[in-house]
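The numbers here are math on the coordinates, done by the rules we state, and not lab data. In this text the structure is predicted, and so the values were computed from the model without any measurement. All Cβ positions, even for glycine, are placed from backbone atoms using ideal geometry, and neighbour counts span all protein chains on display.
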Amino acid sequence: MNILGITCFVHDSAACLIKDGKIIANIEEERFNRVKHTGDFPKQSIDYVLHAAGLTIADVDIIAFNWNPVKALIAELLKFVLITPPVYFKMIKHNKPPKHFKTIFYSFFLRRFVKKHMGIGFRGKVVWVDHHMAHAASTYYLSSFDQADILVVDGFGEYESTTFFKAKAHKIERRWWILSLHSLGLIYLNFTRFLGFAPYQEGKTMALSSYGRDTYQNLFNRIFRILPDGTFAIDMRYLSWWNLAGGKFDPDLGLPREPYEPITQRHMDIAASLQKKAIDIVLHMIGAASRASNNKYLCLAGGIFLNCNLNGIAHKSGFYEKYFIPPFTSDTGGAAGAALYAAFGLKNETYTPGTLPFSPYLGPDYPDDEIEKALIKSNLPYRKSESPGIEAARALADNKIIGWMQGRVEAGPRALGARSILANPLHKTIKDRLNQKIKGREYFQPFGPIVTEEAATKYFEIDSPIPQSAYYMLLAVPVKKEYQSQLAGITHVDGTARIQVVRREWCPELYSLLKELEKLTGFAVAINTSFNYHEPIICSPDDAINTFKTRELDMLVLGKFIVEKHTRK
Ligand SMILES: [Fe+2]
């Protein structure tokens, strides 16, 4: 059976193809159309995943869509009644255009969109999968756990912001949920805006929080109420904040920060208090769930779990024995989640898990001849190398900064070594150079380390066997005290690092790079940051070349081809 998962019309459009129980391909549309967080119909992604599976749209049996417009419409009507029409209309007014309605409306006509973009031929079934069920499927089915609890926390689904499920033998059952009026994800987003950052920049708030103190604890205690049943509620007086209904902020907070204004201790303290509260709430839910459950494993999903600091603390909480977070825990996993649910939740397909842990490298690969064509067109001098990993390691040891493209594109919002910028973490000023000259990021944003499986426990306080989330750059772990000053390039101000562990089987060239780097510097660790500059992470050789030409990278490694700065024309 061929199942095509789609997510679109909101943000993070993507497509995923499952053929006879196996994920063949998954990719986000932004990698192709170069529009960050695009909500467009994912035509190019669908073309790619079908091509990867050797199929056409006519071969697809089911299209699984990660949104249920009927439930969303009913929820919208109920919200109108619950929060009273005047507040509701105020919300609509301050949400121009009301994207939510567009999503609902377009979703009803998904089949027409498929016909318009993919041509006639699709005669299969369209299945609407509830948004949180898709998140749940995206984590449970890839976790390798047979019996597990599942917690989904994000901005909002059709009517809920948080949902708890139980799963056993491929069946997922919803147990409880929290209405979307009480959304931890949206409060976090709204404070991110308050601090002068854009939507999707919650990572900046998280990074900033490490510089602050929990001095706004009383305020956040007023906003969030932790309930004895293991859930939480938001004081409705603060409702107007998260829906941008023009509400007044609490006078204790002071004025919102404009993006051009300097960051002060007050902003750091607000971020720290928010982060602390988010952690408290998630731990409260996980703790209560584990006490009421006989399951040992917990699967997590939803945008909140992009928060590595929170994830690190949750993993260490001891409430469950093991945790799993998929590489596309945000809505980037919507297509995969919907397809997984259709395959295993609805259709009893035979599960083919593939590699364990789950490999995120499911996007397009580019053969040598295509890379070479792009290089010739670029007019950049290049050479072919039999061991690009070794050569790149030597350049890193020489404090060069490298644009790196190898193998299939990684799924999810983080660069996992397939499309990365690599640098030497031992170099004292590397962070400033990367931030200022290449990435254009804030000074307080840390860079994550990429490390071999074998070396991870040497430098970092991480469990062995290594938690699966560490393969997807979703975990902040302490850097061992004795290495913190040497590994200054990847050690955050709080002594942690957002680690990514590399498996030889998945990334052989990157693995050999790290092994060579270990020989040269004594550390099998490199800085890994996404290969982009204020745009989606690169996908094709052309994207890589364009970024190389405009940023101060010293070397570009595309498969077996190498371009060096000093050889530029
Ligand atoms: Fe979501």
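What to note about this one:
- Arranged from fewest to most other beta-carbon atoms within 10 Å of their beta carbon, S464, S45, S540 become S464, S540, S45.
- Counted charge near E535, where neighbours are those whose Cβ lies closer than 14 Å (Asp, Glu -1; Lys, Arg +1): +3
- An ellipsoid equivalent to the range 138-234, defined through the eigenvalues of its Cα gyration tensor, has semi-axes of 29, 17, 13 Å when rounded to whole angstrom and sorted largest first.
- Within a straight-line Cα-Cα reach of under 20 Å, K102 can be paired with the following lysines, leaving aside sequence neighbours fewer than 8 residues apart in one chain: K36, K43, K71, K79, K90, K93, K115, K116.
- Per-residue Cβ neighbour counts within 10 Å put M118, M405 in the sequence M118, M405, beginning with the fewest.
- In terms of Cα atoms, the Rg and Dmax of the range 402-468 work out to 13.7, 37 Å.
- Loop-resident trypsin sites (Lys or Arg not before Pro) (DSSP state other than H, G, I, E or B) in the range 247-335 with no more than 10 further Cβ atoms inside 10 Å of their Cβ: K248.
- Sequence-separation-based contact order of the chain, relative, with Cα cut under 8 Å and 6+ spacing, percent: 16 percent
- Taking a ≥ b ≥ c as the square roots of the eigenvalues of the Cα gyration tensor, an a/c ratio of 1.5 or more together with a/b no larger than b/c marks the range 55-193 as oblate.
- Cα-Cα pairs of the range 480-569 separated by more than 14 Å (percent): 74 percent
- Net lengthening on full extension, K384/Q217 (0.36 nm per residue, minus Cα-Cα): 54.4 nm
- Loop chymotrypsin sites (Phe, Trp or Tyr not before Pro), the range 403-503 (other Cβ atoms within 10 Å of the site Cβ: 11 or fewer; DSSP): Y443
- Span-like helix criteria (full DSSP H runs; alpha carbon extent of at least 24 Å along the helix axis; mean Kyte-Doolittle hydropathy of at least -0.5) are satisfied in the chain by 265-291.
- Free of any GluC sites (Glu not before Pro) that DSSP assigns to a loop and that have at most 11 other C-beta atoms within 10 Å, the longest stretch within the chain is 1-320.
- When the pairs K384/K565; K168/K322; K519/K565; K296/K316; K166/K322 are compared against a 19 Å limit on Cα-Cα distance, K519/K565 fall above it.
- For the chain, the Kirkwood hydrodynamic radius from C-alpha pairs, put into Stokes-Einstein at 37 °C and a viscosity of 0.692 mPa s, yields a diffusion coefficient of 136 µm² per second.
- Comparing the range 368-567 with the 2.2 N^0.38 Å rule of thumb, its C-alpha radius of gyration ratio is 0.95 (two decimals).
- Computed from the Kirkwood radius of its Cα pairs, the Stokes-Einstein diffusion coefficient for the range 184-324 at 20 °C and 1.002 mPa s stands at 135 µm²/s.
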